[in-house]
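Single-structure report; data block below.
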Ligand code: ADP
Ligand code: ASP
Ligand code: MG
């Protein structure tokens, strides 16, 4: 007998027929003698729809209330699954984030889990009740509803698995596992049997939305075995493993692309100590995280600074940057909302030379101009025009020998 956490994503609970299929699958696992905590997302499209409703009223909805609103998507699915399981004759109970005592900080729409008190979940499990937890949501120290950022149910699931001491956390989604590239963009992508935590962290951070990055952080920190698999078949999927359990060991494990990026450039900034710190402190102040940064020196003690931010934060960022730019005596601020990044990631990059050159050459052969470059020990990322993102992803997938 094991203690299993199963998370079902939006497509897997996308309509009432699918919710009943999930109920059947959960029931089958329970019948094998396992204890079960099930974490759910909202039905696919519901979170977007809720956000759009608020946007009809205003461009800048109150951020606390927005969390109250979007958290309702998961409230629907947990109740429906509990109803379906009870209808099949099983003991089940839904818990919202606050009832499962998933405690977070107060960063609206991007809250971080601080602690989880597993007592109520464990008491239900001891009574052989299937526990169904609303993903994506938590509660802050003042009792406010918070949400964990898009894709946050993955993080809820892995954090709950760590808190209750589960033997495995199964992430059920609409693809068979983690692939060498998004299988919806690259038809020749291959499923990976294993992916290391570090590679998965980089891939998740650079566009592979199959797992939210924070779920991988939890898996690594608390040693939670994570199995990404499909809710539409029985096949085994991908295990997220530590580096010494890795079987693949390829130079490049995956190619990812993130489309929703934007770029901001401040030109002719006086080249003095403190200028960059003023600029990026102001951006951090409004809670925007900057990804790539480049600074070019011009003649005459002037410099240009360019950086990228998530497109959703572009307008807020531009407003703040314009204010700082005039305060520090920069000439102008320009921006571009149609930026994407393509990245290649793999542990083998540490010991192989020529990987970057091959990436740049492949992009050049495809007529793709590189705007910015950033690297880590195991990843290279290029910012490019968004219209080339899919083509560049496929070309890099072929160039690094990943095609099936
Ligand atoms: P869920 O609703 O189950 O959480 P998501 O839509 O958040 O599912 O994540 C699954 C999607 O992630 C897939 O449909 C796929 O298009 C996308 N994806 C992007 N990169 C990858 C990758 N490398 N491997 C698998 N899926 C990927
Ligand atoms: N429903 C939330 C979202 O769409 C959380 C999730 O699906 O993981 O982002
Ligand atoms: Mg998801």
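Scanning the range 124-162 for residues that are closer than 19 Å to residue 212 by Cα and surrounded by fewer than 24 Cβ atoms within 10 Å (Cβ to Cβ) yields a count of 4.
Here is the figure for the range 326-352: residues that are surrounded by fewer than 22 Cβ atoms within 10 Å (Cβ to Cβ) and farther than 30 Å from residue 377 by Cα total 8.
Here are some residues: 173, 129. Which one is at pLDDT 95 or above, under 20 Å from residue 19 (Cβ atoms) and more than 16 Å from ligand 3 (Cβ to nearest atom)? Even if it seems obvious, please write down each step before you answer.
Details: 173 fails: more than 16 Å from ligand 3 (Cβ to nearest atom).
The match here is 129.
Taking into account only those residues within the range 207-243 that are part of a loop (DSSP other than H, G, I, E, B) and within 14 Å of the chain's Cα centre (by Cα), which is nearest to ligand 2 (Cβ to nearest atom)? For the range 207-243, the residue satisfying everything is 212.
Quickly run through the range 26-48 and pick out the residues that are within 16 Å of ligand 1 (Cβ to nearest atom) and either buried (at least 17 other Cβ atoms within 10 Å of the Cβ) or not in a helix (DSSP H, G or I) (or both). Of everything in the range 26-48, those that are within 16 Å of ligand 1 (Cβ to nearest atom) and either buried (at least 17 other Cβ atoms within 10 Å of the Cβ) or not in a helix (DSSP H, G or I) (or both) turn out to be 26, 38, 39, 40, 41, 42, 43, 44, 45, 46, 47. Test residue 204 against the criterion of being within 30 Å of residue 171 (Cα to Cα), within 16 Å of ligand 2 (Cβ to nearest atom), assigned to a helix (DSSP H, G or I) and touching a strand residue (DSSP E or B) at 6+ places or on another chain (Cβ under 8 Å), and give yes or no. Answer is no for this residue.
Listed here are the residues, each with its yes/no results for (1) more than 16 Å from ligand 1 (Cβ to nearest atom); (2) farther than 18 Å from residue 154 by Cβ.
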residue: 6; (1), (2): no, no
residue: 9; (1), (2): no, no
residue: 19; (1), (2): no, yes
residue: 23; (1), (2): yes, yes
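Quick check on the range 89-106. Is at least one of its residues in a loop (DSSP other than H, G, I, E, B), without any contact (Cβ under 8 Å) to a residue 40 or more places away in the chain, closer than 21 Å to residue 2 by Cα and in contact with a strand residue (DSSP E or B) (Cβ under 7 Å, 6 or more places away or on another chain)? Yes, some residue in the range 89-106 is in a loop (DSSP other than H, G, I, E, B), without any contact (Cβ under 8 Å) to a residue 40 or more places away in the chain, closer than 21 Å to residue 2 by Cα and in contact with a strand residue (DSSP E or B) (Cβ under 7 Å, 6 or more places away or on another chain).
The values are calculated or read from the model by the stated rules, or taken from the named source; none is laboratory data. Model, not experiment: these values are computed from the prediction. Using ideal geometry, Cβ is built from the backbone for each residue, glycine included, and neighbour counts are taken over all protein chains shown.
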